[in-house]
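Student: Below are the structure tokens for one structure; questions will follow.
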Amino acid sequence: MSTELHMGNSSQCMTENENLRAKGTVPQNVTVILPVYNEEVSVGSVVLQAKELANKVIVVDNASSDNTVKVAELAGAEVIRKLGHRRPDFPLTMGIQHALDSDVLLFMDISICHDSKLIPKMLEPIQKDDFDMVIGTCFVQSNRLQENISFLNEIQTENRPIGFFAFSKQCFEVLSSSDIYTSSASAIISFAENNNLKAKHLDLKEEHTFSLFKRYNIGVVVPAYNEEALLGATIMGIPEYVSRIYIVDDCSSDRTPEVIKSLKDSRIVSLRHEVNMGAGKSVVDGYKMALKDKMDIVVVMDGDNQMDPSQMPRLLMPIIEDKADYTKGNRLITRKAREGMSTWRFIGNTLLSLLTKIGSGYWDLMDPQNGYAAASRKALETIDLDSVYTYYGYLNDILIKLNAYGMRVTDVVIPARYGNEKSSIKYHKYILKVAPMLFKGFIWRIKTKYVLLSFHPLVFFYLASMILLPCGLLFDFWILVQKVMRNSVSPNYPLLGVFITLMGMQLLLFAMFFDMQSDKIKYSKTV
């Protein structure tokens, strides 16, 4: 997507560019400016790549406290040290002062985008199409709270961070004498309008996403059981930046095996179970193959084409940014996000969410049955995959294990996408089957996390509440039965029953509160 602005009948910038083109010369002397702050890991490679595409590379260091300056100098960049308060926009004036001999000046924010290969695309509109300035916006970084608020308020924002800002030499004087806020695309566009400049906005989301994710080995596990109608569409929609696709056929009785064989994608690795072993076992086997192939991140997408592949970057980014070890979709935040989900399915999901919050210890998560999830290699290597529940409740069981070992899990709001397919899950039976597993997993988590790996007094609160609360409720019920049967009961018994029940409830709430607080500091630093 690009936005072009043509303002005014003429301008000094446009006239001089037209004169250059009339003479048959196109500006080619390019200087790349890299504003940096603590980018020692990436600045060297970016400088080396930029030197192949530009005449000069200047690094403007914003008082970095690491080895950014040394790395940049070793890579061959000219380094300018900028002292003082760190601003979120490009140091335009300083960059122009050191690039007066250039025809085109391009700023690149490597904290947003490291891909120097996008530089030619940014320069082309200036060098060939007579534009005065070009703005390149990239894929937005993950912000779970902001995304949730946007969904709740039904606000769809398209503002993305600016990774590139390029302009021609004829605009140096206009820009250097103006106080333009370059971290906002709308501010630059307004500046162009007010100064009769010809500007172009390039949406680099797809290029940025592809470039970023190709640095990682990303695998996709596709569990499939009787998905002959939708499996092909699911595989065709998987993005090109994915390195491997692991299809696990759980002993399908339809034409699913033939569909798998007919797929020509070279990334596919397939496995067939000779007997039906359950959705959990299919996912675990896919995880194992991905770990064997040294995948960095593994995404699970069901074979029914319900999971929108265009939403995959939003699952990947928190892991890439080291804000999470495991991410999962959430369809329950608003009516619009869960559009197409039946009322009974919503009620079942809500009840399971409550049970899973208690069992797993991830109190801020919703929609635990959402199988659209991404896991880091660290998370998959930490948990015991062979012990994962093999039925559909594997999703809940994985959350329990992740919490016990201190893994960071984040919900990502992803709208539901339903077609003509129908869920095979019967929620009344499903909850009755999964609830005992959740209780056993809860006991195991408390023992592992708060007794074996560390110690927390909440263990005693949970233990006492599990004794007092059932005893109090049974005692209250016995008193009620005696009253109905008109049997004599001591007047102190009702008071004792209420006391035991309330004490059990209070201890349970205290235990839950401490459980919630145990990871609060860790999450506040990363998410």
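Nothing in this text is a laboratory measurement; each read-out follows from the coordinates by a stated rule. Keep in mind that what you see is a predicted model, and the values were worked out from it rather than measured. Please note: Cβ atoms are built from the backbone with ideal geometry, for glycine as well, and neighbour counts cover all protein chains shown.
Student: Sort the following peptides by mean Cβ neighbour count (other Cβ atoms within 10 Å, averaged over residues), highest first: 43-54, 119-130.
Tutor: Answer by packing, highest mean first, reads 43-54, 119-130.
Student: Which value does Rg/Rh take for the chain over its C-alpha atoms, Rh per Kirkwood?
Tutor: 1.09
Student: Also, I was wondering about something else. Starting from the Kirkwood radius over alpha-carbon pairs of region 458-526, derive D by Stokes-Einstein at 37 °C in a medium of 0.692 mPa s and give it in µm² s⁻¹.
Tutor: Roughly 241 µm²/s, to the nearest whole number.
Student: To continue, here is another question. State, as an integer percentage, the relative contact order of region 458-526 based on alpha-carbon contacts under 8 Å between residues 6 or more apart.
Tutor: Relative CO of region 458-526 lands at 49 percent.
Student: Within 10 Å of each candidate Cβ there may be at most 13 other Cβ atoms; applying that plus a DSSP loop requirement, which trypsin sites (Lys or Arg not before Pro) in region 443-486 survive?
Tutor: Passing sites in region 443-486 are 486.
Student: Using a Förster radius of 41 Å, what is the FRET efficiency between residue 53 and residue 405 based on their Cβ-Cβ separation? Nearest 0.05, please.
Tutor: Using R0 = 41 Å, I get an efficiency of 0.35.
Student: Moving on to the next point. About the Cα centre of the chain, what is the dipole size in debye to 20, counting +1 per Lys and Arg Cβ and -1 per Asp and Glu Cβ, all else neutral?
Tutor: It comes to approximately 1980 debye.
Student: What order, most packed first, do the peptides 94-101, 325-332, 225-232 have when packing is the mean number of other Cβ atoms within 10 Å of each residue? Each step should come with its number before you reach the end.
Tutor: Working: 94-101: 16.9, 325-332: 24.6, 225-232: 19.8.
Packing order, densest peptide first, comes out as 325-332, 225-232, 94-101.
Student: Further question on the same structure: 7 Å from Cα along Cα→Cβ at both residue 187 and residue 292: what's the point-to-point distance in nm?
Tutor: In this crude spin-label approximation the distance works out to 5.3 nm.
Student: Also, I was wondering about something else. Would you mind calculating the relative contact order of the chain from Cα pairs under 8 angstrom and at least 6 residues apart, reporting the percent as a whole number?
Tutor: 11
Student: Please compute the net charge surrounding residue 73, taking Lys and Arg as +1 and Asp and Glu as -1 over other residues with Cβ under 15 Å from its Cβ. Please list the in-between numbers first.
Tutor: On the way: positive: 51, 56, 70, 81; negative: 39, 40, 61, 66, 78.
Value of the local net charge: -1.
Student: Working out 0.36 nm times the residue gap between residue 177 and residue 447, then minus their Cα-Cα distance, what length gain in nm do you get to one decimal?
Tutor: 90.6 nm
Student: Kindly state, to the nearest 0.05, the FRET efficiency for residue 486 paired with residue 335, given R0 = 35 Å and r defined as their beta-carbon distance. Display every interim value, and only then the final one.
Tutor: Working: r = 51 Å, r/R0 = 1.44.
Computed FRET efficiency for residue 486 and residue 335: 0.10.
Student: Suppose the Debye formula is applied to equal point scatterers at every Cα of region 216-452; what is log10 I(q)/I(0) at q = 0.09 Å⁻¹?
Tutor: These q points yield log10 I(q)/I(0) values of -0.34.
Student: Which loop trypsin sites (Lys or Arg not before Pro) in region 178-238, with loop taken from DSSP, have no more than 13 other Cβ atoms within 10 angstrom of their Cβ?
Tutor: 215
Student: What FRET efficiency comes out for residue 517 versus residue 432 if R0 is 22 angstrom and r is the Cβ-Cβ distance? Round to the nearest 0.05.
Tutor: Here the calculated transfer efficiency is 0.10.
Student: Follow-up question, since we're still on this one. Which helices, counted as full DSSP H runs in the chain, have an axial Cα extent of no less than 30 Å and a Kyte-Doolittle average of 1.0 or above? Could you put the intermediate results ahead of the total?
Tutor: Values: long enough: 458-484 (38 Å, 1.84); 492-517 (37 Å, 1.30).
Span-like helices here: 458-484, 492-517.
Student: So what is the 222 nm mean residue ellipticity for the chain from helices alone, if each DSSP H run of at least 4 adds -39500 (n - 2.57) and you divide by all residues, rounding to the nearest 500 deg cm²/dmol?
Tutor: Value at 222 nm, helices only: -13500 deg cm²/dmol.
Student: Continuing with the same structure: In percent, what relative contact order does region 44-122 have, based on Cα pairs under 8 Å that are 6 or more apart in sequence?
Tutor: 35
Student: Using Cβ contacts closer than 10 Å as the measure, can you line up 316, 212 from fewest to most?
Tutor: 212, 316
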